[in-house]
Amino acid sequence: MSFEVVKAGVFTTLQDRGRFSYTHLGVTNSGYMDEYAALAAHKLLDNCLDTNILEITFSNVELKANENTVISITGAYCEFFINEELKKTWQSYSIKKGDILKIGKIYKGQRVYLALKGGFLVPKEFGSNSTTIKESLGGLDGRQIKNGDILAYKKSNKQINNRWQEKNLPNYEEELTLRVILSYQENSFSDKEKAKFFNSKYIITPDFNRMACKLDGESITSSLSGIISEGIAFGSIQIPKDGKPIILLKERQTIGGYPKIGTVLNIDCFKLAQMKIGSIVKFEEIDIKSAQNKLRDFYSIFS
């Protein structure tokens, strides 16, 4: 009982919410890049929110079902076919033995999420199924999915026909405002440098992956030439020697020695995960209390 991977696409991995409490060993968190889309996929199937899922970056993926199951598909808006019949995304479908699923052209966004009822039967490493390629952990032997792989699951004949509410569908734009909580190192940036940071537009460079997003634009200067390496939070904005901001993401290194001007609100990092190279981002300050309220509102959708 499994999916046979006919075409794996450019970069497809198994992910869940991530691997926690191991950063002291140098093991990064990993996990869903776009947590909103992934959790929505699980909610459509009434899955546990930590169930594993396929994270599909770019397109050209084809799967053959060797047994009945139920799937949902969310994330980037794309061509999605079941047996060559075009289907809508952000909803669930019953899949029969022998069905062929295809993900073709992506129209808006960058990452597609395909979940199935109960998840894939994959052993956990350090408490997680999340694939971290640089550490060879999780998923299938710590690597991306490839042609010919077999993704096992438990048969399901349930009839689940759910669709994500239209009012809650994301709108992936070419320009994104990221809300930032200033860090304890903010005093190393003058008022002039902070004003420059918050009033500039930055371009997403090709150095954008699961580890980090490197931006191009106005250079920001810190009075700190470097710091003793310390732990790095999800969304931290490092300012390296060239002054171009780097936003640290799910597979970030566990420690680093560049000064940090602040941290992007994690729910905005999920939106960033769907941006494409060449898109524009800008920054806006948010206080901690407002950020906490935003997080409560976000996660209330999934409770």
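General remarks:
- Checked against (1) modelled with pLDDT of 95 or more; (2) part of a helix (DSSP H, G or I), Gly262 passes all but condition (2).
- Of all residues assigned to region 100-121, at least one qualifies as being in contact with a strand residue (DSSP E or B) (Cβ under 6 Å, 6 or more places away or on another chain), part of a loop (DSSP other than H, G, I, E, B) and of a type in the set (Phe, Trp, Tyr).
- Pick from region 154-193, criterion more than 23 Å from the chain's Cα centre (by Cα) and among the aromatic types (Phe, Trp, Tyr), ranking: surrounded by the fewest Cβ atoms within 10 Å (Cβ to Cβ): Tyr184
- Residues in region 205-263 that are of a type in the set (Asp, Glu), surrounded by fewer than 16 Cβ atoms within 10 Å (Cβ to Cβ) and out of contact with any helix residue (DSSP H, G or I) (no Cβ under 6 Å at 6 or more places or on another chain): Asp207, Asp216, Glu230, Asp242.
- Looking only at region 265-279, and only at residues there that are closer than 12 Å to Cys213 by Cα and of a type in the set (A, V, I, L, M), the one that is surrounded by the most Cβ atoms within 10 Å (Cβ to Cβ): Ala273
- Residue in region 42-97 that is surrounded by the fewest Cβ atoms within 10 Å (Cβ to Cβ), counting only those that are of a type outside the set (A, V, I, L, M), touching an Asp or Glu at 6+ places or on another chain (Cβ under 7 Å) and in a strand (DSSP E or B): Lys64
- Checking each residue in region 83-103 for being more than 15 Å from Ala115 (Cβ to Cβ) and of a type in the set (Val, Ile, Thr) picks out only Ile100.
- Residue match in region 127-150 (condition: surrounded by 15 or more Cβ atoms within 10 Å (Cβ to Cβ) and more than 20 Å from the chain's Cα centre (by Cα)): yes
- Among (1) farther than 17 Å from Thr177 by Cβ; (2) modelled with pLDDT of 95 or more; (3) open to solvent by 40 Å² or more (accessible area, probe 1.4 Å) - the single one Asp287 does not satisfy: (1)
The values are calculated or read from the model by the stated rules, or taken from the named source; none is laboratory data. Predicted, not measured: the structure shown is a model, and the values here were computed from it. Here the Cβ is made from the backbone with ideal geometry for all residues, glycine too, and neighbour counts use every protein chain on show. These area figures cover heavy atoms from the full protein model, side chains too; ligands, DNA and RNA do not enter into them. Shrake-Rupley method; radii C 1.70, N 1.55, O 1.52, S 1.80 Å.
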